[in-house]
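Below is one structure, written out as structure tokens; the observations come after it.
Read-outs throughout are calculated quantities, based only on the coordinates presented, and are distinct from any laboratory measurement. All values reported here derive from a predicted model rather than from experimental measurement. FYI the Cβ positions are ideal-geometry reconstructions off the backbone, even for glycines, and counts take in every protein chain you see.
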Amino acid sequence: MSSPVPASPLKPLFQDFGAEFIKISGRELPLRVVGAGIEYQSARESLALADGSDRGLIRIQGADMIDFLQRTLSSDVSKLEVGGGQWSSLLDGKGRWISDLLLFRLPNVDGHPVILLDYPQDRASTLLQRIEMMHFGESLYFEELALARLLTLGPGSQALEFGVELAENLDEGCFWISRPDRGTLCRELIGPIDTVRANAEQLHADGAVPTGWVVLDILRVEAAQPRWGTDFDSESILPESGEWQRASLAKGCYAGQEVVAKVDTYGEAPRQLVCLDFGKNEEPLHGATLHDTESKAVGTVTSWVWSPMRNRAIGLGIVKRRALHDGSELHVFSGKEKLMISWIRPDKGPDRQRSTAQ
């Protein structure tokens, strides 16, 4: 018999809002609430509320914590300042993903640094085991936090720069994080269930619209943000997913560093994440095989959504490098119809942590 899916701390709240639910990242989360159209419009134009429990949190602190993370994670943790945030990852020795991470640095406690590790919820046990296995006698303390997580999305979210701040006007243990990975402005309230729920109810009373996974997925694909377990996994190396903002090429060694540096020095990874444009075709094509001009299988559609902003179907896919050159074409089969697809590489902006400046 399969074990029951853990419920989010905010499930009763979203049940009261009328949500349907779906299993995501090992949690039962809202799928849609009042209708995807209204929910999407609110996230783009005003304020939407969502459950952030597809992500987990580990609090890690201690005198040796920065040195430990510096040699363990792919980013330059030494440059993360109090109140700041940082893209990061944990890789194995072959450069393959163990977990994607966002780091947030809280104020010091007893003179020692404190960092929050934000990760996909279904990587919790793997990540905790890895930390336990990799530290040897350092002055280090870590714990998984069981807190409610409320995403506030859109122009009304009051999102600041990528980082963390204590919620001093709320109960002790509450904090806000402004996150860069939800596809739109996003400020997340994290804290005890009663406090978070009360804030959610007040925001709802003031006009915020509850939303679910359908809209969260559309927002991230529109922003070309790949997702663990969907667009990359433990069989992928970091350069394939294009997530170079997570990797430092200026600091010392860490697990997977040699593979990441080799790809950076000598060329692209054998497979590449690309943005796909399916035009007006409305058939969901998640998981469809991508073909080149000679009809050879060269990749897979990993994400597919209908984008209200672009009024067309878009997605992400993993494609063999040899099929990606100027002027090349990709296609899928929609039923018996051959559907031509345009593609581009995601524009990630500054794509490598090369310098010593954060």
(message) For Lys251, give me every one of the aspartates and glutamates with a C-alpha distance below 20 angstrom, ignoring sequence neighbours fewer than eight places off in its own chain.
(response) Asp64, Asp67, Asp76, Glu81, Asp92, Asp100, Glu243, Asp264, Asp351
(message) Please compare each pair in Lys280/Lys338; Lys23/Lys336; Lys262/Lys296; Lys280/Lys320; Lys79/Lys320 to a cut-off of 23 Å on the Cα-Cα distance and tell me which ones are over it.
(response) Lys23/Lys336; Lys262/Lys296; Lys280/Lys320; Lys79/Lys320
(request) Could you tell me the distance between the Cα centroids of the range 37-55 and the range 114-189, to the nearest Å? (result) 19 Å
(request) Grab the beta carbon distance between Ser334 and Asp110, set R0 = 56 Å, and tell me the FRET efficiency rounded to 0.05. (result) 0.40
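If I take R0 = 41 Å and measure r between the Cβ atoms of Glu168 and Thr289 in this structure, what FRET efficiency does the formula 1/(1 + (r/R0)^6) give, to the nearest 0.05? Don't skip to the end; give the middle numbers.
Values: r = 53 Å, r/R0 = 1.28.
That gives a FRET efficiency of 0.20.
Loop-only trypsin sites (Lys or Arg not before Pro) in the range 279-334, please: DSSP not H, G, I, E or B, and at most 15 other Cβ atoms within 10 Å. Numbers along the way, then the final one.
Working: sites: Lys280, Lys296, Arg310, Arg312, Lys320, Arg321, Arg322; in loops: Lys280, Lys296, Arg310.
Of the trypsin sites (Lys or Arg not before Pro), the ones in loops of the range 279-334 whose Cβ has at most 15 other Cβ atoms within 10 Å are Lys280, Lys296, Arg310.
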(message) I'd like the distance separating the alpha-carbon centroids of the range 195-215 and the range 14-35, in whole Å.
(response) 13 Å
(request) Can you list which of the GluC sites (Glu not before Pro) found in the range 225-330 are DSSP loop residues with at most 13 other C-beta atoms within 10 Å? (result) Glu235, Glu282, Glu294, Glu329
(request) Place +1 on the Cβ of every Lys and Arg and -1 on the Cβ of every Asp and Glu in the chain, take the dipole about the Cα centre, and give the residue among Ile190, Ser295, Gly95 whose Cα lies farthest towards its positive end. (result) Ser295
(message) Tell me the volume per residue, in Å³, of the convex hull enclosing the alpha carbons of the chain.
(response) 153 Å³
(request) Mind giving me the nanometre distance, one decimal, between the label points for Glu144 and Ile344, set 7 Å out from Cα along Cα→Cβ? (result) 4.0 nm
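Among the GluC sites (Glu not before Pro) in the range 149-194, which ones are in a DSSP loop with at most 10 other Cβ atoms within 10 Å of the Cβ? Mind listing them?
Values: sites: Glu161, Glu165, Glu168, Glu172, Glu188; in loops: Glu161, Glu168, Glu172.
When the GluC sites (Glu not before Pro) of the range 149-194 are filtered for loop state and at most 10 Cβ neighbours within 10 Å, Glu161, Glu168, Glu172 remain.
Just the number, please: percent antiparallel of the DSSP beta bridges in the chain, rounded to the nearest 5.
Around 95 percent antiparallel, to the nearest 5.
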(request) Kindly state, to the nearest 0.05, the FRET efficiency for Thr126 paired with Lys280, given R0 = 30 Å and r defined as their beta-carbon distance. (result) 0.15
